[in-house]
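Just below is one structure, and these are the notes that go with it.
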Amino acid sequence: MSPINTDTLLAALKWRYAVKQFDAARTIDDLTWSALEDSLVLTPSSIGLQPWKFIVVTDAAMKAKLQPAAWNQAQVGECSHFLVMTVRQDLDEAHVDRHLARMSEVQGTPVEALAKFRGMVTGNLDKAREEGRLDIWQTHQIYIALGNFMTAAALIGVDTCPMEGFQPAQFDDILGLSATPYTSAVCCAVGYRDASNKYAPKPKVRFAKEDLFTRI
């Protein structure tokens with residue numbers, strides 16, 4: 001792999017911003033979207049458990065149903081792809097076993113040889129469940145996926161807008177999640193910025209490095 005240079009990375013991050021107005025006439029092509037889905041597949045998670053599912057909404061009628069439950073934010077309807085990131089509630093041993101089976105399939109390690117690892121994982125989940133922080137722990141993981149996705153999108157010139165301004169229970173009903181172990185956690189509108197958007201050219205307002213870093 002040839003790494004990108006630092007100038008390319010920083011240029012992409014400076015170009016990225018939370019799009020307020022998408023160009024509704026522009027659609028992300030299949031090859032580009034497939035690469036962005038792969039960036040989510042490759043996202044790291046705690047113990048590798050990937051406690052999520054991603055719902056990709058491109059159907060205009062479905063976007064129209066979701067928009068009122070997102071405080072009528074225009075990005076829901078205007079974007080090319082609307083990504084709903086859901087998190088697995090009450091992560092159980094069945095999920096762990098699915099992960100171990102996939103490890104065995106991909107890495108060629110017999111499932112039996114993963115018994116010690118399985119004990120460590122289920123022990124951590126049980127402890128978190130007893131302490132009442134299991135779902136919070138897993139929900140935190142979704143933001144790793146969100147950040148990874150937004151950076152990947154910026155590097156290939158695709159715009160995003162992360163969104164927490166929605167009503168998860170309504171989204172769950174609309175998307176048929178209510179009877180599943182998954183619940184909506186955060187969303188991301190994805191597409192291309194409208195050329196007339198006045199916010200895009202403005203420089204980012206960030207604290208100086210000196211205010212953010214302590215070097216020891």
Expected single match for β-branched (Val, Ile, Thr) and farther than 28 Å from residue 37 by Cβ among 109, 139, 86, 122 is 122
Condition set more than 15 Å from residue 13 (Cα to Cα) and aliphatic (A, V, I, L, M), scope the range 203-214, selection farthest from the chain's Cα centre (by Cα): answer is 208
Going through the range 180-208 in order, the residues found to be more than 21 Å from residue 150 (Cβ to Cβ), loosely packed, with under 10 Cβ neighbours inside 10 Å and modelled with pLDDT of 95 or more are 208
- Task: Please verify whether the range 149-170 includes one or more residues that are among the β-branched types (Val, Ile, Thr) and within 23 Å of residue 49 (Cβ to Cβ).
- Result: yes
Those residues of the range 102-145 that are of a type in the set (S, T, N, Q) and over 26 Å from residue 186 (Cβ atoms) come to a total of 4
Among 200, 153, 179, the single one that is over 11 Å from the mean Cα position of the chain (by Cα) and in a helix (DSSP H, G or I) is 153
Of 128, 185, the only residue that is under 22 Å from residue 91 (Cα atoms) and in contact with a Phe, Trp or Tyr (Cβ under 6 Å, 6 or more places away or on another chain) is 128
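Look through the range 124-139, keep the residues that are surrounded by 12 or more Cβ atoms within 10 Å (Cβ to Cβ) and acidic (Asp, Glu), and return whichever of them is nearest to residue 96 (Cα to Cα).
Step one: list which residues in the range 124-139 are surrounded by 12 or more Cβ atoms within 10 Å (Cβ to Cβ), which gives 124-126, 128-129, 133-135, 137-139.
Narrowing further to those that are acidic (Asp, Glu): 126, 135.
Details: 126: 12, 135: 15 Å.
Among them, the one singled out is 126.
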Boolean, residue 91 is over 25 Å from residue 171 (Cα atoms) and either outside any loop (DSSP other than H, G, I, E, B) or at pLDDT 95 or above (or both): no
Per the filter on the range 46-74, residues part of a loop (DSSP other than H, G, I, E, B) and buried (at least 16 other Cβ atoms within 10 Å of the Cβ) are 49, 50, 51, 73
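For every residue, the table says whether it meets (1) touching a Cys at 6+ places or on another chain (Cβ under 9 Å); (2) farther than 18 Å from residue 45 by Cβ; (3) in contact (Cβ under 8 Å) with a residue 12 or more places away in the chain.
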residue	(1), (2), (3)
114	no, no, yes
118	no, no, yes
143	no, no, yes
155	no, yes, yes
166	yes, yes, yes
Residue hits (the range 121-141; hydrophobic (A, V, I, L, M, F, W, C) and either in contact (Cβ under 8 Å) with a residue 40 or more places away in the chain or in contact with a helix residue (DSSP H, G or I) (Cβ under 8 Å, 6 or more places away or on another chain) (or both)) are 121, 125, 128, 134, 137
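The values are calculated or read from the model by the stated rules, or taken from the named source; none is laboratory data. Predicted, not measured: the structure shown is a model, and the values here were computed from it. Cβ coordinates were reconstructed from backbone atoms using ideal geometry, including for glycine residues, and neighbour counts include every protein chain displayed.
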